[in-house]
Amino acid sequence: MEELQRTLSEKGITVKTLPEKGRCLFSTRDFSPGDVILSEEPYVSVPNRTSTESRCDCCFASSKLRRCSICQVVRYCGSTCQKSDWKLHRLECQALARLGKDRLKYLTPTIRLMVKLYLKRKLQTEKMILCSAVDNYNLVEALVSHISEVNEKQLVLYAQMANLVNLILQWPDITVKEIAEMFSKLACNAHTICDSELRPLGTGLYPVTSIINHSCFSNSVLVFEGKMAVIRAVQSIPEGTEVFISYIETAGSTMTRQKALKEQYYFTCTCPRCMKVGQYDDIQESATLEGYRCKDNGCNGFLLRSSDNNSFICQQCGLTRDKEDIKKITGEVNLLSEKASMLLSSGHNAEAIPMYSGIEKLQQKLYHPSSVNLMRTRETLLKILMELHRWEEALAYCRWTIPVYQRVYPEIHPSLGLQYYTCGKLECACFSDIFTT
Ligand SMILES: [Zn+2]
Ligand SMILES: [Zn+2]
Ligand SMILES: [Zn+2]
Ligand SMILES: [Zn+2]
């Protein structure tokens, strides 16, 4: 711990332990928006694996991949990556080569992350891999697991996964119970590693980054440079301030955010945004982001439930919207959504477009113009249209999402920046299309 504090103090940060919230990260100097507060390599990491895409285990590149000739499971982009990973993979490789084909199909990235975690601990204990102040198992040990709050169903799942890990490692001195608790720890602490366009590439465990607490109005963000986690300030952070990141998607009502935090991280958020719950401006914001629109198309008011619970009333013009009317449109949206996502998952992207446009039209009748649900539909359309190189239509959708992005994210935020960037890229694509056709 002292060694960690010394390393962190050089960067202008320190770990404090507060009785009511446990470990917190505080600044010991001023940070300006954009400044790097902390950068950390993962203790262990593993790339995602989909039916269509594999990645190098070391650098997450997706091209020129070759399978490890011994285990036939892990892939590398070249000998440099394979060599730098070999100390750890040598042990994993032996274990995987022992595993039968029928069991290999259950080898998910999460199982591999756990196996790698135990193998790294072993290698560091045996001094085969060096430890440092920010790269040692004690930091992993100190993470919370919330195991006593995990529900029965999840516990069974963790136990099944732990069984497989046990089978792969074949270590007599660790128990299934111990591994199951470690899965619970991973669930609240591991991070999804994304590329610069915020597409998920894999999962990593960053025990120092995990010290940082959550706020729905965070003063910093977590981004990735390759596999390195980088914490950057998005507001000015004066000396002596707690550093916060956001654990969840913050574009949503207070109720939605609180539910997500409770379900995955087992706590009730008391950030400035959440403390406003029940106040007029929080009710207004939540009803705008997730509620219904006024019957009058020209009215921008937000709707609240009537006292008899049979209708919704516009808080601006007083017009009433019948509950049955809303139920009917919601039913149509759900039906279409099911069909659309089925088309999408079976790769029929072009056929899914009219379905999603239908959903969009219905949602425009249903939700407030600044609705997050409507924005998500438009984002889906944007993605599909981009894949099909239908730049002009994609650009229109991208532009429609921007006002909602501006509303739900702080001025300096990677998601908002990326949306501006996508708009710019699409404008370029439209422009060059005019000259090439
Ligand atoms: Zn590589
Ligand atoms: Zn191998
Ligand atoms: Zn909050
Ligand atoms: Zn109205």
>> Given the criteria crowded, with 18+ Cβ neighbours inside 10 Å and away from ligand 1 (no atom under 16 Å from the Cβ), does Arg232 qualify?
In response: yes
> Out of the residues in region 15-38 that are of a type in the set (Ser, Thr, Tyr) and surrounded by fewer than 17 Cβ atoms within 10 Å (Cβ to Cβ), which is nearest to Leu113 (Cα to Cα)?
Replying inline: Thr17
> How many residues are away from ligand 3 (no atom under 16 Å from the Cβ) and surrounded by fewer than 17 Cβ atoms within 10 Å (Cβ to Cβ) when one looks only at region 275-294?
Replying inline: 2
>> Looking only at residues that are among the charged types (D, E, K, R) and assigned to a loop (DSSP other than H, G, I, E, B) in region 224-251, which one is nearest to Pro207 (Cα to Cα)?
In response: Lys227
> What's the number of the condition Gln258 fails, among (1) surrounded by 18 or more Cβ atoms within 10 Å (Cβ to Cβ); (2) touching a residue at least 24 places away in the same chain (Cβ under 8 Å); (3) of a type in the set (S, T, N, Q)?
Replying inline: (2)
> Of (1) modelled with pLDDT under 95; (2) part of a helix (DSSP H, G or I), Ile174 satisfies all except one. Which?
Replying inline: (2)
> Quick one: in region 55-105, which of the residues that are touching a Pro at 6+ places or on another chain (Cβ under 9 Å) and of a type in the set (Lys, Arg) is farthest from ligand 4 (Cβ to nearest atom)?
Replying inline: Arg75
>> So in region 45-75, with the set limited to residues that are hydrophobic (A, V, I, L, M, F, W, C), in contact with a strand residue (DSSP E or B) (Cβ under 9 Å, 6 or more places away or on another chain) and within 16 Å of ligand 2 (Cβ to nearest atom), which one is modelled with the lowest pLDDT?
In response: Val73
> If the Cβ limit is 6 Å and pairs must be 6+ apart or interchain, which residue in region 61-75 that is over 13 Å from Trp86 (Cα atoms) and among the aliphatic types (A, V, I, L, M) pairs with which residue that is within 11 Å of ligand 2 (Cβ to nearest atom) and not in a loop (DSSP other than H, G, I, E, B)?
Replying inline: Leu65/Arg75; Val73/Leu96
> Which residues, taken from region 391-414, are surrounded by fewer than 17 Cβ atoms within 10 Å (Cβ to Cβ) and within 26 Å of Leu362 (Cα to Cα)?
Replying inline: Glu392, Ala396, Arg399, Ile402, Pro403, Gln406, Arg407
> Does Glu338 satisfy being among the acidic types (Asp, Glu) and either in contact (Cβ under 8 Å) with a residue 60 or more places away in the chain or in contact with a helix residue (DSSP H, G or I) (Cβ under 6 Å, 6 or more places away or on another chain) (or both)?
Replying inline: no
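The values are calculated or read from the model by the stated rules, or taken from the named source; none is laboratory data. On a predicted model such as this, the values are computed, not experimentally measured, just so you know. When we count neighbours, we look across all protein chains shown, and the Cβ atoms used for this are built from the backbone with ideal geometry, even at glycine.
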